[in-house]
Each structure stands twice: as C-alpha cells, then as structure tokens.
Amino acid sequence: MPVMSITLLVLSVALMLMGVSIAVSLGLSAIVVMLVFQPVPNMLIIPQMFSEASTSFILLAVPLFILAGNLMERGSMGRNLIDFTTSLVGWMKGGLGAATVTGSMIFGGISGSSLADTATFGTIMVPRMVDDGYPKDYAAAVTLTSSCLAVIIPPSILIVLAAASTLQSVGKALAGGILPGILITVMLFLPNYFISKRYGYGTKIPFSLGNVLRKFMTCWTALIAPLIILGSIFSGVVTPTEGALVAVFYILFIDMLIFKRLNWSDLVTAARSTSVLTSAILFIATSSAMANWIIAYENVPEVMAKALIGMPGGVSGFLALILVFLVIIGMMLDAGPATLIFTPLFLPVAVSLGVDPTHFLIIMVCGFALGLVTPPYGVCLFSISSICNIPMDRLVRAAMPFYVVILVAMVLITFIPQITLFIPEWLGL
C-alpha cells in the first residue's frame, strides 16, 4: 500500500483547503513525508531535487516565452494582427468574433501565453465588438474561450512544461499541437457563426482584397513570426529553448528598433511581470518534482496501470476516464501546476497501455487549457472578467456554447490519434 503517497495527498489537500498556495502545500507535504518516512537515509536528496528541477535547460524556454507574450501585449504586433484578421474574415456573419478566434490562434503561435492573449484581445477586441452591436457578455466570452488556443498552438508554454516534466521530445510535442489547435479554431467558428446569425450580432465588413493587402503590409512581421520560430525549431537549427530566445529577439527587433512601439520602460515592466510568473512556475516545478519522486518511489504509476488495464473498455475506457478527470481537475487547479503534477503521474500508465506519449501529452494540455477559461479558478476567466468588468457568472453563461465545442474537439483529439501525430510523423520527428 503506497502509504507515503496517500499521506502526501492528504496533507496537500488539507493545506490547500486551509488556503495555502499549491506550491507551498505540495512542497511542504513532500518534505514532511520525506522526514517522517525517510525512504532514503540522506536528506540531501531534497535540495538536489530542488536544484535539478529548477535548473533544467528545457524549462528555460518557459520564462522566455512568457517574456515574448508580455512584449507582444505592449507592442504593435497584437494590434496589427487584429486589424489583419478583421479584414480577412470580417465579411462573414459574426466577423469580429471570427477575427478574434483567428487572431488568438496566430497570436498563440508567437507568445504561447493564454494570459497575454486575454489581456491583448480583451482590451482591443471586446470594445470593438460592443461598438459593432455584440453584447458585451458575448464579446468577452468569445475572447475568453479562444484564448485557450495560445497554449495549444505551438510554441506553447504548457506543452514545454508537459514535455520537460516527462523527459519527452519538446519539438515533437510542439509539432503535435498544430492540428489540434487548428481543429479547435475551426470548432470555435461554428457557435460564433450560428449565434451571430440567429441574433443579428455585428455588421458584415465588405471584403476588399486591397484592404487585406494593406493590412497585410502592416502585419506581415507578426504573421511570419510563427514560421520563423517554429521553422527554426523543427528544422533543427535551434532547440526549443533557443527558439524561445528567437521569439524574444524577433519581437524586440521589430517593435523596439523598427516600429519604435516598445521603449525601455515597457521592457522593464515586461521583465518584471515575467520574473514574478516564472518564479511561481519554478516553485511549483520544484515542489512537484519531490512529490513525483515519492510517487515513483512507491511505484504508484505501475499500480495504477495494473488497475486500469483491467477496467472496462481497455484503452478507450482509460482515455474516456482521463477526459473526465481533466475537466474536473482543470476546474480545480491552474493549468501550470496541474500539468507539472499530473502529466508525469499518468503518462507512464498511458504508455503501458499502448498510448503514444506525444498524443497523450497533447490530450493533457488540451484538457488543462480548457481549465484556464472555466470556473471557478480559470486564470483567463478572472482576467477577462476584470478587464471587461463583467461578473463571472454572466461570462460563463455566454461561454457555454463555446465550452461545448471545445469538449467535442477534445473527444476527437483523444480518440483520433492521427490528429496529433500526423505532423510529427510528416516532419520525421
């Protein structure tokens, strides 16, 4: 019986219910368990685990992508991107909603941050949509739910965290997120179109090739950014960590040196925000590393695998159970901690059942991405509620159709592995 793991779980949950932060709850519980049960005679293993978890070269990509997102939020790329996507899809019913979804997908291909996406599109697109006749609740709901694309479309902070915490190929995992991200984008178009058509939201913007070309000329620097970043990673020219640095330098070059939309004050503010968020993520990473060591020491994944192999439905039953689990956990924990805690726990079980590790990582990331925009603890939900000054219950009601189509997309991604694996296989990763 895994006594240490059960004790760890009970202590962690108790501390969280008392209002202690996730990182402190997990780390303190792990230290107490190690001191009480003493699975190894030398407790120097604790600082060693802290050091190894916090100095991972792969994890260096996380603060760099966070910095890229913070810089985009303050520069010209986000606004130019919105103008271009509006000229491209504004002609259809619910055009500004479609522009928001499309813009979020492309924005995510540069920043990898849903929070930066929410801040940028919440301050720009929601007022535009309201002026065009969309209810404020609906405009905020579209912006909220489309922000989850930023951590599914590569380069994604969550994918990097998931791959780094399980020692999987970051490049292959990033490639695996491309088609799932596109699928969710298309799925989000559907409720926006039908709801806008039914209630007459928005006015169609006449399509003009000349206008598209003009907007393209102001936006092409943003549009080619994902190609430069992902192309350099997938071609093997740079590692994913170095690719994150490419993103930062590219944004600085365009918005600081060329268009002069960023100044030193913006850079300092972005760096300060990045350092705060990075510190929180690294604290969680080190705490979860100790917890995962305890779980691995007692062979919990192996025990779980034996138990789940015999469940009805086999692999399909396991994946269905994981989907339910992801929705529940995503509503209770923030995506970053959930990824670091649960991905290393469940991946060995999935692999033992014959599930491809890259496919499973993307399933986990999609589930936790949904948690970013759902109540009660979705960080993007809090953000857009604050930006737009809308109560969360009204936001959630307006977002329900979009939650449904995201769940449908998750089911397709889960049970059709080639949606995830086609591009990594095509690239030979």
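The values are calculated or read from the model by the stated rules, or taken from the named source; none is laboratory data. Because the structure is a prediction, the values reported are computed rather than measured. All Cβ positions, even for glycine, are placed from backbone atoms using ideal geometry, and neighbour counts span all protein chains on display.
What residue, among those in segment 332-359 that are in contact (Cβ under 8 Å) with a residue 40 or more places away in the chain and part of a loop (DSSP other than H, G, I, E, B), is nearest to G176 (Cα to Cα)?
Filtering segment 332-359 for residues that are in contact (Cβ under 8 Å) with a residue 40 or more places away in the chain and part of a loop (DSSP other than H, G, I, E, B), the one nearest to G176 (Cα to Cα) comes out as D356.
Output the residue which, of all residues in segment 377-389 that are more than 19 Å from the chain's Cα centre (by Cα) and of a type in the set (A, V, I, L, M, F, W, C), is surrounded by the most Cβ atoms within 10 Å (Cβ to Cβ).
C388
On the given criteria, is T374 of a type outside the set (A, V, I, L, M, F, W, C), out of contact with any strand residue (DSSP E or B) (no Cβ under 7 Å at 6 or more places or on another chain) and surrounded by 23 or more Cβ atoms within 10 Å (Cβ to Cβ)?
For T374, the condition - of a type outside the set (A, V, I, L, M, F, W, C), out of contact with any strand residue (DSSP E or B) (no Cβ under 7 Å at 6 or more places or on another chain) and surrounded by 23 or more Cβ atoms within 10 Å (Cβ to Cβ) - is not met.
Tally time: how many residues in segment 232-256 are small (G, A, S) and over 20 Å from the mean Cα position of the chain (by Cα)? Steps first, please.
Going residue by residue through segment 232-256, those that are small (G, A, S) are 232, 235-236, 243-244, 247.
Pick out the ones that are also over 20 Å from the mean Cα position of the chain (by Cα) and you get 232, 235-236.
Residues flagged as small (G, A, S) and over 20 Å from the mean Cα position of the chain (by Cα) within segment 232-256 amount to 3.
What number goes with the only condition from (1) at pLDDT below 75; (2) not in a helix (DSSP H, G or I) that R261 does not pass?
All conditions are met except number (1).
Given the structure, is L230 assigned to a helix (DSSP H, G or I) and over 30 Å from E425 (Cβ atoms)?
Here the answer is no, as L230 does not meet what is asked.
Does S383 satisfy the condition of being closer than 29 Å to G97 by Cβ, out of contact with any Cys (no Cβ under 7 Å at 6 or more places or on another chain) and hydroxyl-bearing (S, T, Y)?
Taking the combined requirement at face value, the residue satisfies it.
Would you please name the residue that is modelled with the highest pLDDT, looking only at residues in segment 190-214 that are over 24 Å from Y138 (Cα atoms) and loosely packed, with under 13 Cβ neighbours inside 10 Å?
Filtering first and then ranking leaves L213.
Any idea which residue in segment 315-352 is nearest to L115 (Cα to Cα), counting only those that are crowded, with 18+ Cβ neighbours inside 10 Å and polar (S, T, N, Q)?
Checking each candidate, the answer is T339.
Hey, any hits in segment 267-277 for a residue that's under 16 Å from T339 (Cβ atoms), within 18 Å of the chain's Cα centre (by Cα) and either assigned to a helix (DSSP H, G or I) or free of Cβ contacts under 8 Å to residues at least 40 places away in the same chain (or both)? If you could, list the steps in order and put the result at the bottom.
Step one: filter segment 267-277 for residues under 16 Å from T339 (Cβ atoms), giving 277.
Applying the additional criterion that residues be within 18 Å of the chain's Cα centre (by Cα) yields 277.
Narrowing further to those that are either assigned to a helix (DSSP H, G or I) or free of Cβ contacts under 8 Å to residues at least 40 places away in the same chain (or both): 277.
The answer is yes, given that some residue of segment 267-277 is under 16 Å from T339 (Cβ atoms), within 18 Å of the chain's Cα centre (by Cα) and either assigned to a helix (DSSP H, G or I) or free of Cβ contacts under 8 Å to residues at least 40 places away in the same chain (or both).
A140 fails exactly one of the following numbered conditions: (1) over 28 Å from T241 (Cα atoms); (2) in contact with a Ser or Thr (Cβ under 9 Å, 6 or more places away or on another chain); (3) of a type outside the set (V, I, T); (4) at pLDDT below 90. What is the number of that condition?
With (1) over 28 Å from T241 (Cα atoms); (2) in contact with a Ser or Thr (Cβ under 9 Å, 6 or more places away or on another chain); (3) of a type outside the set (V, I, T); (4) at pLDDT below 90 applied to A140, the lone miss is (4).
Pairs only if they're at least six apart or on different chains, beta carbon under 8 angstrom, first in segment 390-417 and at negative phi and surrounded by fewer than 14 Cβ atoms within 10 Å (Cβ to Cβ), second small (G, A, S) and in a helix (DSSP H, G or I); list them, first residue then second.
Final answer for the pair search is P391/S385.
I need a count of the residues in segment 91-113 that are in a helix (DSSP H, G or I) and modelled with pLDDT under 75.
Number of matching residues: 4.
Given the conditions (1) in a loop (DSSP other than H, G, I, E, B); (2) closer than 21 Å to L158 by Cα, report the number of the one that F382 does not fulfil.
The one condition F382 does not meet is (1).
Would you say V151 is under 20 Å from the mean Cα position of the chain (by Cα) and either modelled with pLDDT under 85 or more than 19 Å from P401 (Cβ to Cβ) (or both)?
So V151 fits the description; yes.
Look through segment 101-141, keep the residues that are over 17 Å from the mean Cα position of the chain (by Cα) and β-branched (V, I, T), and return whichever of them is surrounded by the most Cβ atoms within 10 Å (Cβ to Cβ).
Here the answer is V126.
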